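J.: This is the structure, below, for whatever I ask next.
The values are calculated or read from the model by the stated rules, or taken from the named source; none is laboratory data. All values derive from a computational prediction rather than experimental measurement. Note: ideal-geometry Cβ built from the backbone for every residue, glycine included; neighbour counts use all protein chains shown. Quick note on the areas: whole protein, heavy atoms, side chains included, nothing else; ligands and nucleic acids left out. Shrake-Rupley method; radii C 1.70, N 1.55, O 1.52, S 1.80 Å.
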Amino acid sequence: MAGRTTWVYTGFSRRRGLVAVRSISIVGLGPAGAGAAAAASKLGVKPVVYEAMEKPGLKPCGRGLPVVDDGLPVRIPRDSILRRIRGARMYVDGEFLFEMREFLEGYIVDKTVMLEAIAVESDAEIYYRAKYKPGSSRVKLPGGGEARVEKGVFAGGHPYYGGLKITAVQWIMETGSRSDPVGDMLEIHFDTSLLGYAYVFPKEEGFIEVGIGGFATAGELRSRLERFISSRSDLRGLKRVKLEGARIAIGGLDLGLVDGMVKAGEAAGFVLHSREKV
C-alpha cells in the first residue's frame, strides 16, 4: 500500500466531505481502538496507534465476547479464547431467579492477546507507553519526543467520558483441584439495595473472577465483596490471586470530539447498550 492515497468521508475537519488520508491517528488500544485500526486498514489507511500502558487490554472487564449470528467485524485469534460460555444463572437480592443454557453464549478471552493480534493484523504502527497530553493534541512518546495527533479516533476510555460511572472491584481466584463453582456459566447477582451486582465468571482453566459493582465507593464495594465471598462455601477456601478495580461508564452516549479527534468506545459511552439504543 506504499504511496497509495485513499479517499474517505470524514467529519474530523470543519470542511466536511471527501479528503485524502494516508494514515490515521488512534489514541488507545482497547476494543474501540483495535476496531478502529481494523476498519482503517480495510479502507487502505495506515493506523498509527498510541497506547498509554505497556500492553493493551489491562482494564479488568470486557473479557467476554458474544456469539453473533452474522459474525464479528474482526477475526478473533484462537489462542486468545480462554473458555466457552454456554449460559447464565441469575439471582436478585440473594434469591435464585432462573438458569438459561444456550443463553448469552460466547467466549471469555485474553484481551491482551486478542487486541494485540487485531492491531498487528491491521498492519498498525503501535506505540506503547505513549501518554496523551489533554488539550495539546500531542502524545508523549517513551524515551522522549512527542507525536502530534489530530483528525483521528480517540479511544482513551472512561477518563474522557462525561456521563455517569460506577466502580467495580474483583478478585481473581484460583480454583485449583477443587470443583469449579461456575463451569461454563456466568453467575450474576443483582442487588437492589446497591443498585448494582455481584458476579462469578469463569476465566482461564483453574481460575475465576469474583466481583461486585455499583453505586458505592471502592472501600464499600470491597467490604461487600468480602461478605459475598465469605457467604459462599464454594468460594471461601479459594486462593486469592489478584485484586483489581475499574470505573465503568453507564450513563449513555457521550459523543463528541477530544482535541479534534472523534470519541469512540467507552470514552463515547458505548458500554451496556442494546443494539436498539445504539
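J.: Please list, or write none, the lysines whose alpha carbon is within less than 20 Å of the alpha carbon of residue 203, excluding same-chain residues fewer than 8 places away.
T.: Correct list for residue 203: 55, 59, 111, 239, 242.
J.: Quick one: grab Rg to one decimal and Dmax as a whole number for the range 189-271, Cα atoms only, in Å.
T.: Reported Rg and Dmax, both Å: 16.3, 53.
J.: How far is the Cα center of the range 26-52 from the Cα center of the range 129-199, in Å?
T.: Rounded to whole Å, the Cα centres lie 18 Å apart.
J.: How about the range 189-273: which trypsin sites (Lys or Arg not before Pro) there are in a DSSP loop, with at most 15 other Cβ atoms within 10 Å of their Cβ? The partial results should precede the final answer.
T.: Details: sites: 203, 222, 224, 227, 232, 236, 239, 240, 242, 247, 263; in loops: 203, 232.
Counting only loop positions with at most 15 other Cβ atoms within 10 Å, the trypsin sites (Lys or Arg not before Pro) in the range 189-273 are 232.
J.: 222 nm [θ] for the chain, helices only, -39500 (n - 2.57) per DSSP H run of 4+, per residue, to 500? Spell out each step's value before the answer.
T.: Details: 4 runs with 40 residues, N = 278.
So the calculated ellipticity at 222 nm is -4000 deg cm²/dmol.
J.: If you don't mind, another one. Debye calculation, C-alpha points only, no solvent: report log10 I(q)/I(0) for the range 59-155 at q = 0.21 Å⁻¹, in the same order as the q values.
T.: -1.13
J.: Here's another thing I want to ask about it. Pop out the ³J(HN,Hα) list for the range 187-193 in order, Karplus 6.51 cos²θ - 1.76 cosθ + 1.60 with θ = phi - 60°, rounded to Hz; leave Gly and Pro as x.
T.: Coupling constants for the range 187-193: 10, 10, 10, 7, 10, 6, 5 Hz.
J.: How long is the gain from residue 95 to residue 23 if the chain were fully straight, where each residue apart is worth 0.36 nm and the alpha carbon distance is subtracted? Write down the numbers at each step before the final one.
T.: Numbers: separation 72, 0.36 × 72 = 25.92 nm, distance 5.34 nm.
Once the chain is fully extended between residue 95 and residue 23, it gains 20.6 nm.
J.: Going by accessible area, probe 1.4 Å, with all protein chains left in place, what is the ranking of 138, 148, largest first?
T.: Working: 138 90, 148 125 Å².
Descending accessible area places them as 148, 138.
J.: A further question follows. As I understand it, the value is the acute angle between the Cα axis of helix 31-42 and the longest principal axis of the Cα atoms of the chain; what does it come to in degrees, rounded to 10?
T.: 40
J.: Just need the relative contact order of the chain here, percent rounded to a whole number, with Cα pairs under 8 Å and 6+ apart.
T.: On the way: 609 pairs, mean separation 56.4, N = 278.
Here the relative contact order equals 20 percent.
J.: A further question follows. How much length, in nm to one decimal, is gained on full extension between residue 76 and residue 127, taken as 0.36 nm per residue of separation minus their Cα-Cα distance?
T.: Working: separation 51, 0.36 × 51 = 18.36 nm, distance 2.18 nm.
The residue 76-residue 127 span can extend by a further 16.2 nm.
J.: Whole-Hz ³J(HN,Hα) for each residue in the range 63-68, computed from phi via Karplus 6.51 cos²θ - 1.76 cosθ + 1.60 with θ = phi - 60°, x for glycine and proline: what do you get?
T.: Rounded to whole hertz, the list is 8, x, 10, x, 7, 10.
J.: Pop out the ³J(HN,Hα) list for the range 131-145 in order, Karplus 6.51 cos²θ - 1.76 cosθ + 1.60 with θ = phi - 60°, rounded to Hz; leave Gly and Pro as x.
T.: Values per residue, Gly and Pro as x: 8, 6, 9, x, x, 10, 6, 9, 10, 7, 8, x, x, x, x Hz.
J.: Once both axes come from the Cα atoms, what is the angle between helix 111-121 and the longest principal axis of the chain, in degrees from 0 to 90, rounded to 10?
T.: 20
J.: Also: Just to verify a number: what accessible area does residue 189 come out at with the full protein assembly present, 1.4 Å probe, Å² rounded to tens?
T.: The value for residue 189 is about 30 Å².
J.: Same structure, new question: How large is the accessible surface per residue of the chain, computed with a 1.4 Å probe and reported in Å² as a whole number? Walk me through the numbers before you get to the answer.
T.: Numbers: 14680 Å² over 278 residues.
Spelled out: the 1.4 Å probe surface of the chain, per residue, equals 53 Å².
J.: About its Cα centre, what dipole magnitude does the chain give when the only charges are +1 on Lys and Arg Cβ and -1 on Asp and Glu Cβ, stated in debye to the nearest 20? Display every interim value, and only then the final one.
T.: On the way: 40 positive and 33 negative charges, 226 e Å.
Around 1080 debye, computed over the chain.
J.: Tell me, what is the percent relative contact order of the range 75-226, built from C-alpha pairs under 8 Å that lie six or more residues apart? Numbers along the way, then the final one.
T.: Working: 250 pairs, mean separation 36.2, N = 152.
With pairs under 8 Å counted, the relative contact order is 24 percent.
J.: Explain nothing, just the number: dipole magnitude of the range 121-203 about its Cα centre with +1 on each Lys and Arg Cβ and -1 on each Asp and Glu Cβ, in debye rounded to the nearest 20. Please report the intermediate quantities before stating the final value.
T.: Numbers: 10 positive and 10 negative charges, 135 e Å.
Here the range 121-203 has a charge dipole of around 660 debye.
J.: So, with a 1.4 angstrom probe, what is the percent of accessible area on the range 147-278 that is carbon and sulfur? Could the numbers behind the result be given before it?
T.: Numbers: 3410 of 6300 Å².
Carbon with sulfur: 54 percent of the solvent-accessible area.
J.: Same structure, new question: Give, in nm to one decimal, the length gained when the segment between residue 55 and residue 226 is fully stretched (0.36 nm per residue of separation minus the Cα-Cα distance).
T.: Working: separation 171, 0.36 × 171 = 61.56 nm, distance 3.00 nm.
Full-extension gain reported as 58.6 nm.
J.: Just need the relative contact order of the range 144-227 here, percent rounded to a whole number, with Cα pairs under 8 Å and 6+ apart. Provide the component values of the computation, followed by the final result.
T.: Working: 113 pairs, mean separation 25.4, N = 84.
Relative contact order comes out at 30 percent.
J.: Working with all protein chains in place, sort 150, 244 by solvent-accessible area computed with a 1.4 Å probe, largest first.
T.: Values: 150 85, 244 20 Å².
Correct descending sequence by accessible area is 150, 244.
J.: As I understand it, the value is the acute angle between the Cα axis of helix 218-230 and the longest principal axis of the Cα atoms of the chain; what does it come to in degrees, rounded to 10?
T.: With rounding to tens, the tilt is 40 degrees.
J.: How would the chain be classified by its alpha-carbon gyration tensor: rounded, prolate or oblate, with rounded meaning a/c under 1.5 and the a/b versus b/c comparison settling the rest?
T.: Numbers: a/c = 2.03, a/b = 1.85, b/c = 1.10.
Prolate is the answer for the chain, as a/c is 1.5 or above and a/b outweighs b/c.
J.: Now, a different point. Mind ordering 108-118, 31-41, 87-97, 168-178 by average Cβ neighbours within 10 Å, highest first?
T.: Values: 108-118: 21.0, 31-41: 24.2, 87-97: 13.7, 168-178: 17.3.
Packing proxy ranking, top to bottom: 31-41, 108-118, 168-178, 87-97.
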